[in-house]
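Comments concern the structure below.
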Amino acid sequence: MKIAQVNSETVDWDLLILADPSEEVIASYIDNCIIFQLYEETFPVAVVALLKLNDTEIEIKNIAVDEEYQNQGLGTDLIHFCAKQAKQNGYKKLWIGTGNSSLSQLLLYQKLGFRMSYIKENFFVEHYDEKIVENKIPCLDMVMLYKNL
Ligand code: ACO
Ligand code: ACO
């Protein structure tokens, strides 16, 4: 596998949509992101998009692994990669947000040292046309977690 920096035109949108079902929402942040894609040969298998919030804080806005490659450690590797890159570039805090119903993501991020900070109440109600339900739970709020670098 190799990792390469891509941009909003060369990134694989099928991957981005796995993490964020609204193309409109993705379009609102992707042009301003630093994006890395992981390849198996020439096939893109995972993506991560980072958005600078200020001089000391940066957020993983989108992280996705192709379904056939999930649960093999690639998401973990990508988050470690982001934390390392961010630290090297002087950032002190790495943020990540996910839906209240995204239980396996909340589990993974906390296993990797992220702590819950606050919620963006009704984020998914206000920004998404379709109702989202996961684990029999309506997805309403965005849970924001951070990791000190
Ligand atoms: N119960 C318990 N543990 C679980 C469950 C579950 N239901 N599901 C997964 N896990 C565990 C795995 O066992 C593993 O833990 P381990 O390292 O202790 O064995 C861990 O969760 C998964 O780790 P990885 O294999 O590193 O993760 P993966 O490569 O699958 O990437 C990701 C994680 C990015 C969430 C991937 O599954 C994915 O792309 N999902 C769809 C898109 C998505 O939800 N993206 C995140 C949205 S939020 C955002 O983008 C900011
Ligand atoms: N992943 C997904 N679903 C799960 C998991 C899991 N890891 N573990 C349990 N569930 C689901 C079950 O499938 C079930 O859902 P379903 O109705 O959709 O099938 C549900 O969780 C459990 O429901 P009940 O059987 O009604 O719950 P139970 O009788 O076990 O009571 C309680 C829950 C009170 C938390 C009990 O397990 C308990 O006493 N735990 C130990 C004490 C405790 O933790 N108390 C709460 C502390 S917080 C407080 O007190 C305010």
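Quick rundown of the values:
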item: Heavy-atom surface of region 90-146, accessible at 1.4 Å and reported per residue (Å²); result: 62
item: Radius of gyration and maximum dimension Dmax of region 1-143, Cα, Å; result: 14.6, 41
item: Heavy-atom accessible surface of the chain: percent carbon and sulfur, 1.4 Å; result: 46
item: Alpha-carbon centroid distance for the pair region 1-43 / region 76-105, whole angstrom; result: 16
item: Set of lysines with alpha-carbon distance to Lys136 below 30 Å, sequence-local pairs under 8 removed; result: Lys61, Lys111, Lys120, Lys147
item: Phi to ³J(HN,Hα) by Karplus 6.51 cos²θ - 1.76 cosθ + 1.60 over region 81-95, Hz, x for Gly, Pro; result: 4, 4, 4, 5, 4, 5, 4, 4, 9, x, 6, 9, 9, 10, 9
item: 11 Å reach of a label modelled at Asn54, 7 Å along Cα-to-Cβ, counting backbone N of region 123-149; result: none
item: Estimated dipole of the chain in Debye, rounded to 20 [Cβ of Lys and Arg +1, of Asp and Glu -1, Cα centre]; result: 1020
item: Gain upon complete extension [Ile17, Asn32; 0.36 nm per residue less C-alpha separation]; result: 3.7 nm
item: Spin-label pair Ile137/Glu24, simplified geometry with 7 Å Cα→Cβ offset, distance in nm; result: 2.6
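The values are calculated or read from the model by the stated rules, or taken from the named source; none is laboratory data. None of the values given here were measured: they were computed from a predicted structure. Here the Cβ is made from the backbone with ideal geometry for all residues, glycine too, and neighbour counts use every protein chain on show. The area values use the complete protein model at the heavy-atom level, side chains included, leaving out ligands, DNA and RNA. Shrake-Rupley method; radii C 1.70, N 1.55, O 1.52, S 1.80 Å.
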